[in-house]
Amino acid sequence: MNAVQMHARATPGFDERVADTLAVLRNAARVHAGRIVQATSLGAEDMVLTDLIARNGLPITLASLDTGKLHGETLALIPRIEQRYGLSVQLFRPAEAAVVQFIARHGERAMFDSVELRKACCGLRKLEPLSRLLEGMGAWVTGLRREQSTQRADVPQYEVEATGRVKFNPLADWSWADVWHYIQTHDVPYNALHDQFFPSIGCAPCTRAIALGEDFRAGRWWWEDQGAKECGLHVKEGTPA
Ligand code: SF4
């Protein structure tokens, strides 16, 4: 049974959550016209958002981070999105010199040596390219959901960041079952790794499949303490990562 077949039935309130999400996206696209981007991780949640954006012709740019460490299955989604929706996905990559210098100094497997080095790797492969992705943008859209982890339990539908930029999380109250029900209903392309027990997918060295009963994000940075498990992309200023 694959991820789609497991969630064939809608859960109560599903239609209302879809309508609510669409209303948030529409309003965000109108208020921030020309300055709003979906920063897609290419995970299941973000594929739902891309489908809603494309299906409703919303003027929201699509962009993603190519950290240089993604699975082939993740990268394979980009041409699929472009073919399916006729939209292009802008890719932001880390600065090559910074990566070469980091590897020369700390090695290819530095992320396993300490939390500091793992965060330094996330800093140069994710945070710095994200700052370029968001440059000039008044708003961005993410696929964060409250159910994903305790660190995300309070994710609001939107929030104004310290920079003044607005971050929209229109799937904040969606369940994992909602995500897959939407994917099934609309035949949304998704990462093949989701069918191999990878609910949350990041860089290849730092993501593993999870076992039945494990937490949603148990496969991310599994060798670290629970509290450290964010890469910094979605950590508020002043909040420990
Ligand atoms: S998830 Fe792993 S490989 Fe990717 S940027 Fe962070 S430490 Fe580096």
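Give, in nm to one decimal, the length gained when the segment between Asp215 and Arg109 is fully stretched (0.36 nm per residue of separation minus the Cα-Cα distance).
Using 0.36 nm per residue and subtracting the Cα-Cα distance, I get 35.7 nm.
What would the Debye equation give as log₁₀ I(q)/I(0) for segment 107-218 at q = 0.10, 0.13, 0.20 Å⁻¹, counting only Cα atoms as equal point scatterers?
So the normalised log intensities work out to -0.39, -0.67, -1.37.
Using Cα-only point scatterers and the Debye equation, what is log10 of I(q)/I(0) for the chain at each q in 0.09 Å⁻¹, rounded to two decimals?
Treating every Cα as an identical point scatterer, log10 I(q)/I(0) equals -0.37.
For the chain, with all protein chains present and a 1.4 Å probe, just round the carbon and sulfur fraction of the accessible area to a whole percent.
Looking at the chain in its full context, I get 53 percent from C and S.
So between Gln157 and Trp223, what do we pick up on full extension, going 0.36 nm a residue minus the alpha carbon distance?
20.7 nm
Write down the Kirkwood hydrodynamic radius of segment 1-141, to one decimal in angstroms, obtained as one divided by the mean of 1/r over all alpha carbon pairs.
One decimal place: 17.1 Å for the Kirkwood radius.
Tell me, what is a quarter of the convex hull surface for the C-alpha atoms of segment 65-171, in nm² with one decimal?
8.7
For segment 30-86, what is the Kirkwood estimate of the hydrodynamic radius, computed as the reciprocal of the mean inverse distance between distinct Cα atoms, to one decimal in Å?
For segment 30-86, inverting the mean 1/r across all distinct Cα pairs yields 12.1 Å.
What FRET efficiency would be calculated for the residue pair Arg80, Gln5, taking the C-beta separation as r and a Förster radius of 30 Å, to the nearest 0.05?
In this case the efficiency is close to 0.90.
Testing the spin-label approximation: label points 7 Å from Cα along Cα→Cβ at Thr150 and Val100. State their distance in nm.
So the two model labels end up 4.4 nm from each other.
Among bridges DSSP assigns within the chain, what percent are antiparallel (round to 5)?
If we restrict to bridges inside the chain, about 25 percent are antiparallel.
Report the normalised scattering of segment 46-128 as log10 I(q)/I(0) at q = 0.16, 0.18, 0.20, 0.24 Å⁻¹, calculated by the Debye formula with identical scatterers on the alpha carbons.
-0.71, -0.81, -0.90, -1.10
The values are calculated or read from the model by the stated rules, or taken from the named source; none is laboratory data. Keep in mind that what you see is a predicted model, and the values were worked out from it rather than measured. Cβ coordinates were reconstructed from backbone atoms using ideal geometry, including for glycine residues, and neighbour counts include every protein chain displayed. These area figures cover heavy atoms from the full protein model, side chains too; ligands, DNA and RNA do not enter into them. Shrake-Rupley method; radii C 1.70, N 1.55, O 1.52, S 1.80 Å.
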